[in-house]
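Please read the structure below before turning to the comments.
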Amino acid sequence: TVPYPSCILGLRLRIQCQSPVLQLAFTQLAYSAGLTIDLSDNPAVPLVTDHLLPAQTASAVLWVSPAGQSPPKNAKAKLDLSISTGQLREAIAAVMQGERWGIEAPVTQSLSEREQEILALLVQGLRDRDIATQLVISESTVKFHMNNILAKLKVRTRYQAIYQAIVNGWLV
């Protein structure tokens, strides 16, 4: 127990992990880093989580994920269990200043409007021919845009592109 639970020292954060092991690990790491754990549901306090539901309501999310999994679109930092106490403090400070930490800018910024339209139609289950008809372009142009989408998202198949788009919340 903390002798003065109402006393707030240093940077604050909330931890809400689905996995009890991650919850315990990040709680210990936060205490070791000299951070104050906020038990309230204040969305202004940075949130360390591995669960999509609480991540949707927080304004500053520090995403804990297994290797290879993309963070949600509102995540400001990406953490894993190899992080040190100093790095955790850096991540919290960066997120509090509105910066990103350990995470690249969203890939959708690099997709053109046409590529985003084609991806949205692909998610609806349309074939290349149907997408071409709806956008009044040729089928080969649709294939050209699809190849660009796959390259920009760094995936091999259309299914992986759809998965990336849905997981990251790029498409509704």
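The values are calculated or read from the model by the stated rules, or taken from the named source; none is laboratory data. All values derive from a computational prediction rather than experimental measurement. Methodologically, a virtual Cβ is constructed for each residue, glycine included, from the backbone with ideal geometry; neighbour enumeration extends over all protein chains shown. These accessible areas exclude ligands, DNA and RNA; they are computed on the full protein's heavy atoms, side chains included. Shrake-Rupley method; radii C 1.70, N 1.55, O 1.52, S 1.80 Å.
General remarks:
- Boolean, GLN23 is open to solvent by 70 Å² or more (accessible area, probe 1.4 Å), of a type outside the set (A, V, I, L, M, F, W, C), more than 16 Å from the chain's Cα centre (by Cα) and under 19 Å from LEU81 (Cβ atoms): no
- Among all positions in region 84-97, there is at least one residue which is without any contact (Cβ under 8 Å) to a residue 24 or more places away in the chain, open to solvent by 30 Å² or more (accessible area, probe 1.4 Å) and more than 23 Å from LEU24 (Cα to Cα).
- Cβ-Cβ distances below 8 Å connect the following pairs, each with a first residue in region 40-64 that is closer than 18 Å to ALA30 by Cα and touching a residue at least 12 places away in the same chain (Cβ under 8 Å), a second residue that is open to solvent by 60 Å² or more (accessible area, probe 1.4 Å) and assigned to a helix (DSSP H, G or I), and a separation of six or more residues or different chains: PRO46/MET96; ALA60/MET96.
- Qualifying residue in region 105-113 (condition: surrounded by fewer than 16 Cβ atoms within 10 Å (Cβ to Cβ), at pLDDT 85 or above and farther than 29 Å from SER19 by Cβ): yes
- Residue, most open to solvent (accessible area, probe 1.4 Å), within region 114-158, restricted to residues that are without any contact (Cβ under 8 Å) to a residue 12 or more places away in the chain and β-branched (Val, Ile, Thr): VAL136
A quick yes/no check of all residues on (1) more than 30 Å from LEU53 (Cβ to Cβ); (2) in a helix (DSSP H, G or I):
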| site | (1), (2) |
| --- | --- |
| LEU81 | no, no |
| ALA91 | no, yes |
| VAL142 | yes, yes |
| ASN148 | yes, yes |
| GLN160 | no, yes |
| ILE166 | no, yes |
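- Test: GLN164 is surrounded by 13 or more Cβ atoms within 10 Å (Cβ to Cβ) and either among the polar types (S, T, N, Q) or at pLDDT below 85 (or both): yes
- Among strands (runs of 3 or more DSSP E) entirely within region 6-79, having at least 1 residues that are modelled with pLDDT under 90 and of a type in the set (Gly, Ala, Ser) singles out 75-79.
- Residues of region 115-140 that are assigned to a helix (DSSP H, G or I) and either of a type in the set (Phe, Trp, Tyr) or under 25 Å from the mean Cα position of the chain (by Cα) (or both): GLU115, GLN116, GLU117, ILE118, LEU119, ALA120, LEU121, LEU122, VAL123.
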